[in-house]
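Okay, so here's the structure we're looking at.
The values are calculated or read from the model by the stated rules, or taken from the named source; none is laboratory data. Everything quoted here is computed from the prediction, not taken from an experiment. Positions of Cβ are backbone-derived with ideal geometry, glycine not excepted, and every protein chain shown enters the neighbour counts. To get the accessible areas, we keep the full protein, side chains included, count just its heavy atoms, and leave off ligands, DNA and RNA. Shrake-Rupley method; radii C 1.70, N 1.55, O 1.52, S 1.80 Å.
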Amino acid sequence: MKAYSLYEGSYSVDSSKKFVPFDPEKDDKKDRKGSIFIHVHPFLIQTDSDLVLIDTGLGYKNDKGQYVLYENIKKLGFDPQEVSLVLMSHLHQDHASGMVIEQDGRLSLAFPDADYIVSRGEWENAYSSQSSSYRTEILDVLQRSGNLILVEGDGEVNGTISYEHSGGHTPYHQVFHLVEDGKHYFYGGDEWAEPEQLLRKFSAKYDYDGRKAMTLREEYGQRAAAEGWTCLFYHSTGAAMGKVEIKDGAFKIIPVEE
Ligand SMILES: [Zn+2]
């Protein structure tokens, strides 16, 4: 089993929730006052039986009009059409927009041979919420496809992959474990999207339940250290994967090379 980051780029986001590409080499943060700056890393994991994509990014194209996600998968030597499972932590647009592609003005599934694993409560909330973080025109495509698998609570996708309801970032956010051949990958989605969130204990206002997210990070950090997990960080500005050590009662994150 092996995991790869499919780094999609860095972006600024203002109150309109629009993600604008941000190139630290050329662009100046001062020109985007009131924005937050984030990196986006979907992950690809090859297991014995599946090619797994974890969260799908913004679905952005490069200068040549090619999908960044597709190009990154190809660079690793895989065909995007080989993806057999798509695991979704939640459905905010920066995680879910890459579930579909647009061709001649029409949207279709980006990974037509994959099962898409989505939390049922998150799915329902995406449709009932007024939040501009959700793009239901994307979810409509998945709903019509027959590839949608709704899951609830904690459970198993197969012998390697399991999900846990977390509920801090959104009420029905879920996290994933992939365990095979003595390796354990953990994907905490937006509960723990940057490694530093564990070190600077804080409750964030962009979370549905910031205290819960903070408590979860603490718990995941303890388990990661005890069980040797490799943690995957979707919004990391540095290394996208890391292991956790506890030294003199303090957490330490050791970057893991791909
Ligand atoms: Zn996010």
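Quick notes on this one:
- Selection from the range 20-50 of residues that are in a loop (DSSP other than H, G, I, E, B) and in contact (Cβ under 8 Å) with a residue 60 or more places away in the chain: H41, P42, T47, D48, S49, D50
- Residue pairs meeting the criteria (Cβ under 6 Å; at least 6 apart or on separate chains; first within 14 Å of the ligand (Cβ to nearest atom), in the range 206-234; second of a type in the set (S, T, Y)): Y208/T170; L232/Y187
- Residue match in the range 201-215 (condition: open to solvent by 60 Å² or more (accessible area, probe 1.4 Å), assigned to a helix (DSSP H, G or I) and of a type outside the set (S, T, Y)): yes
- Only a single criterion out of (1) open to solvent by less than 10 Å² (accessible area, probe 1.4 Å); (2) in contact with a Ser or Thr (Cβ under 8 Å, 6 or more places away or on another chain) is not satisfied by P80, namely (2).
- A search for C-beta distances below 6 Å between a residue of the range 51-73 that is free of Cβ contacts under 8 Å to residues at least 60 places away in the same chain and among the charged types (D, E, K, R) and any residue that is surrounded by 15 or more Cβ atoms within 10 Å (Cβ to Cβ) and not in a loop (DSSP other than H, G, I, E, B), counting only pairs 6+ apart in sequence or on different chains, returns K61/Y67.
- Count of residues meeting criterion [within 20 Å of the chain's Cα centre (by Cα) and surrounded by 13 or more Cβ atoms within 10 Å (Cβ to Cβ)] in the range 22-39: 4
- Residues of the range 216-254 satisfying the condition of being open to solvent by less than 40 Å² (accessible area, probe 1.4 Å), assigned to a strand (DSSP E or B) and out of contact with any Asp or Glu (no Cβ under 9 Å at 6 or more places or on another chain): T230, C231, L232, G242, V244
- All positions within the range 169-191 that are among the hydroxyl-bearing types (S, T, Y) and part of a loop (DSSP other than H, G, I, E, B): T170, Y172
- Only one of L44, L87 that is away from the ligand (no atom under 15 Å from the Cβ) and open to solvent by less than 10 Å² (accessible area, probe 1.4 Å): L44
- Test result for I117, open to solvent by 10 Å² or more (accessible area, probe 1.4 Å) and assigned to a strand (DSSP E or B): no
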